[in-house]
Amino acid sequence: MENSELSPMEQQVAEQIMKGMESPSFQPPIFPAVAQEALQISKDPDLDLQTVATIIEKDSALAARFLSVGNSSLYRRGAPATSVKASLARMGLIAARDLLVFAAVEKSFFTSKQLGPAMKKLRNHTLAVSAGCAYLAQYKRINADDASLAGLVHDLGASAVFKFVTDKATQFKDLLANETSLNNVVAHLHCKAGAKIAARWELPEPVLKVIADHHAGGNDPLLVLVAAADELSAMCQMGASFDKVQKGALADFLGGADPEIVTDAFMMRLADIDAM
Ligand SMILES: [Fe+2]
Ligand SMILES: [Fe+2]
């Protein structure tokens, strides 16, 4: 998004926010240790489902969540999965890894007293783009282990900006009172803010690039995939209110296939997204 798309007031606030986020006193969101550990799952060639299931079962809330996701419309196949291991078998280790990462960051990234509905929308958008990345990668038979992780964190900067302005609600009260301006400012800043934060985390390099450049376009395979999944999620009414999707990204990605048919098939998988 170009600066010219911001009003002078929005431009001024955007500069204040970025300055605040660049100041030494700014405490960026922490990538929890458990999320960091979860990322190691895919790097261990000897890891099997039972080992991961045993780790998950130690936390009963997490175990319940894996059961419900394993039985959600995204993964449901035939008879219900009645164990964490059976859920994992449906999801696969990579999706399980990404659900662990999501569970670890969800509370700090996607809940806000003041911006409850906006954060909920961002949460569901994030899950939809993540599932969309995995779906599209599978559809085109691309081997992209970081696909759903990239989807999960692509708009990380948006939650950071939302959090920054609500933490300083008095200073940003005018912005918080104007939803359109807030969305414009978040649209403008979220890639830059996200890149700054992600640089402090040890995310894979292609994922960092997605956070920084997912609205700028480019030929990097993961960028192209996330842009397509962003448009796919918007077509399924799971867009983020601040995101300006790249129109045509999905059709370009699919080559010859009809985006509407792919969208209809994917939409059914999102039925339970609120409960995931
Ligand atoms: Fe975005
Ligand atoms: Fe997005």
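The values are calculated or read from the model by the stated rules, or taken from the named source; none is laboratory data. A quick note: this is a predicted structure, and the numbers were derived from the prediction, not measured. Neighbour counts run over all protein chains shown; Cβ positions are idealised from the backbone, glycine included.
For region 230-249, filtering for residues that are within 16 Å of the chain's Cα centre (by Cα), more than 8 Å from ligand 2 (Cβ to nearest atom) and of a type outside the set (A, V, I, L, M, F, W, C) leaves 4. The single condition from (1) outside any helix (DSSP H, G or I); (2) touching a residue at least 12 places away in the same chain (Cβ under 8 Å); (3) basic (Lys, Arg) that Lys192 fails is (1). From the list Ser87, Ser73, Ser68, Ser108, exactly one residue is surrounded by 18 or more Cβ atoms within 10 Å (Cβ to Cβ), among the hydroxyl-bearing types (Ser, Thr, Tyr) and in contact (Cβ under 8 Å) with a residue 12 or more places away in the chain. Which is it? So the residue among Ser87, Ser73, Ser68, Ser108 that is surrounded by 18 or more Cβ atoms within 10 Å (Cβ to Cβ), among the hydroxyl-bearing types (Ser, Thr, Tyr) and in contact (Cβ under 8 Å) with a residue 12 or more places away in the chain is Ser87. For region 231-254, a residue qualifies if it is buried (at least 24 other Cβ atoms within 10 Å of the Cβ) and in contact with a Ser or Thr (Cβ under 7 Å, 6 or more places away or on another chain), and exactly one does: Leu232.
When the residues of region 147-181 are filtered to those that are among the acidic types (Asp, Glu) and under 18 Å from Pro28 (Cβ atoms), the one that is modelled with the lowest pLDDT is Asp167.
Looking across region 212-230 at every residue that is surrounded by fewer than 24 Cβ atoms within 10 Å (Cβ to Cβ) and within 13 Å of ligand 1 (Cβ to nearest atom), the one that is modelled with the lowest pLDDT is identified as Gly217. For region 89-121, filtering for residues that are in a loop (DSSP other than H, G, I, E, B) and under 15 Å from Thr166 (Cβ atoms) leaves 5. Annotation: of all residues in region 235-249 being among the hydrophobic types (A, V, I, L, M, F, W, C) and either in a loop (DSSP other than H, G, I, E, B) or farther than 17 Å from Cys191 by Cβ (or both), the one that is modelled with the lowest pLDDT is Val245.
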